[in-house]
Amino acid sequence: MIETQDITGLVLAGGRGSRMGGVDKGLQNFRGLPLALHTLMRLQMQTGNVMVNANRNLAAYEAFGTPVWPDVLSDYAGPLAGFLTGLERCETPWLLTVPCDTPLFPLDLAQRLAAAADAEGADIAMAAAPEDDGKGHITVRPQPVFCLLRVDLLESLVAFTQAGGRKIDAWTGQHRCAIVPFDQPGDDPQAFFNANTLAELHALESSSAPQA
């Protein structure tokens with residue numbers, strides 16, 4: 001069984017924020033607090049330790065009171081760069097990654113991913129959630145930035161990124177991966193909605209009820 005204390009949570013806040021006009025997405029306001037701080041607080045409730053992956057405004061992120069680590073790869077190499085940074089810094093057997101722009105992700109994310117990894121003997125457990133396919137149909141799709149990773153995968157990811165690999169699914173496909181659907185009764189359909197633009201962020205803020 002994977003215990004809470006065996007998991008370190010990592011907030012991925014190292015992107016360019018290009019679809020938000022280049023602003024630092026994790027520091028944008030959501031219900032009066034920075035997006036990344038909402039994410040961090042939800043993560044703290046589920047894991048033994050937390051840290052942040054960010055590439056600019058490091059002092060602002062450090063003010064959250066948690067370790068902040070820039071990408072070990074240069075040039076904003078994407079989420080896998082954050083995975084790599086987290087795995088290198090992680091001192092627990094498991095690392096749980098979440099993006100900074102999804103402030104309503106489930107409070108039982110770590111628990112359900114850990115249970116699936118344990119049950120299936122997997123090296124990775126990845127969330128899947130309902131999404132509109134653009135044709136009016138709802139499809140449950142993997143959410144690869146919501147990953148529970150065995151820290152032993154560091155060597156594999158180093159080799160993959162050194163060979164030029166940047167796509168998460170191309171790397172996770174090399175390992176035993178449990179897919180965990182979050183489409184059960186009682187699951188919030190907005191839980192995995194990520195705000196890529198300021199308009200989406202404002203829409204999420206106005207449409208979601210404040211947390212208790």
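The values are calculated or read from the model by the stated rules, or taken from the named source; none is laboratory data. Here the structure is a predicted model, which means the values were calculated and not measured. Ideal geometry is used to build each Cβ from the backbone, glycine not excepted, and the neighbour counts take in all protein chains shown. Heads up: the accessible areas ignore ligands, DNA and RNA and are worked out on the full protein's heavy atoms, side chains in. Shrake-Rupley method; radii C 1.70, N 1.55, O 1.52, S 1.80 Å.
What are the trypsin sites (Lys or Arg not before Pro) within region 80-176 that DSSP puts in a loop, where the Cβ has at most 16 other Cβ atoms within 10 Å?
Filter output for region 80-176: Lys135, Arg166, Lys167, Arg176.
How big is the equivalent ellipsoid of region 92-181 along its three axes, where each semi-axis is √(5λ) from the Cα gyration tensor, reported in whole Å from largest to smallest? Numbers along the way, then the final one.
Working: eigenvalues 100, 58, 31 Å².
For region 92-181, the semi-axes come out at 22, 17, 12 Å.
How large is the dipole of the chain about the Cα centre if only Lys and Arg carry +1 and Asp and Glu carry -1, each at its Cβ, rounded to the nearest 20 debye? It would help to have the intermediate numbers written out before the result.
Details: 14 positive and 24 negative charges, 98 e Å.
My answer is approximately 480 debye.
Volume per residue, Å³, of the convex hull around the alpha-carbon atoms of the chain? Don't skip to the answer; put the middle values down first.
On the way: hull volume 27.3 nm³, N = 212.
Each residue corresponds to 129 Å³ of Cα convex hull volume.
How much net charge surrounds Cys177 when only other residues with a Cβ under 12 Å from its Cβ are counted (Lys, Arg +1; Asp, Glu -1)? Working shown, then result.
On the way: positive: Arg150, Arg176; negative: Glu120, Asp123, Asp169.
Here the count lands on -1.
Ignoring ligands, DNA and RNA, what accessible area per residue does the chain give at 1.4 Å, in Å²?
Values: 9970 Å² over 212 residues.
Per-residue value: 47 Å².
Normalized C-alpha radius of gyration of region 3-68, against 2.2 N^0.38 Å?
Details: Rg = 12.0 Å, N = 66, 2.2 N^0.38 = 10.8 Å.
Dividing the Cα Rg of region 3-68 by 2.2 N^0.38 Å gives 1.11.
Please identify the chymotrypsin sites (Phe, Trp or Tyr not before Pro) of region 43-100 that satisfy two criteria: DSSP loop assignment and at most 16 other Cβ atoms within 10 Å. Which are they? Don't jump to the answer; show the numbers that get you there.
Values: sites: Tyr61, Phe64, Tyr76, Phe83, Trp94; in loops: Phe64, Tyr76.
For chymotrypsin sites (Phe, Trp or Tyr not before Pro) across region 43-100 that sit outside H, G, I, E and B with at most 16 neighbouring Cβ atoms in 10 Å, the list reads Tyr76.
Tell me, what is the FRET efficiency for Asp183 and Arg31 to the nearest 0.05, using R0 = 22 angstrom and their Cβ-Cβ distance as r? Please list the in-between numbers first.
Details: r = 25 Å, r/R0 = 1.16.
Efficiency at R0 = 22 Å is approximately 0.30.
So, in nm, how far is label Glu88 from label Gln44 when the simple model puts each one 7 Å beyond its Cα toward the Cβ?
2.6 nm
How much FRET efficiency would the formula 1/(1 + (r/R0)^6) give for Glu62 and Asp169, where r is the Cβ-Cβ distance and R0 is 35 Å, rounded to 0.05? The partial results should precede the final answer.
Numbers: r = 32 Å, r/R0 = 0.91.
The pair Glu62/Asp169 has a calculated efficiency of 0.65.
Given a 1.4 Å probe and every protein chain left where it sits, what share in percent of the accessible area of region 58-134 is carbon and sulfur? If you can, show how the numbers build up before the last one.
Numbers: 1420 of 2910 Å².
Ligands and nucleic acids excluded, carbon and sulfur give 49 percent.
Take the solvent-accessible surface of the protein heavy atoms, probe 1.4 Å, and return the percent of it on region 145-203 that carbon and sulfur atoms account for.
Values: 1690 of 3180 Å².
Accessible surface attributable to carbon and sulfur in region 145-203 totals 53 percent.
Can you show me the helix-derived [θ] at 222 nm for the chain, built from DSSP H runs with n ≥ 4 at -39,500 (n - 2.57) apiece and divided by the number of residues, rounded to the nearest 500.
Computed ellipticity for the chain at 222 nm equals -8000 deg cm²/dmol.
Among DSSP beta bridges whose residues both lie in region 72-212, state the antiparallel percentage, nearest 5.
On the way: 13 of 18 bridges.
Percentage antiparallel, nearest 5: 70.
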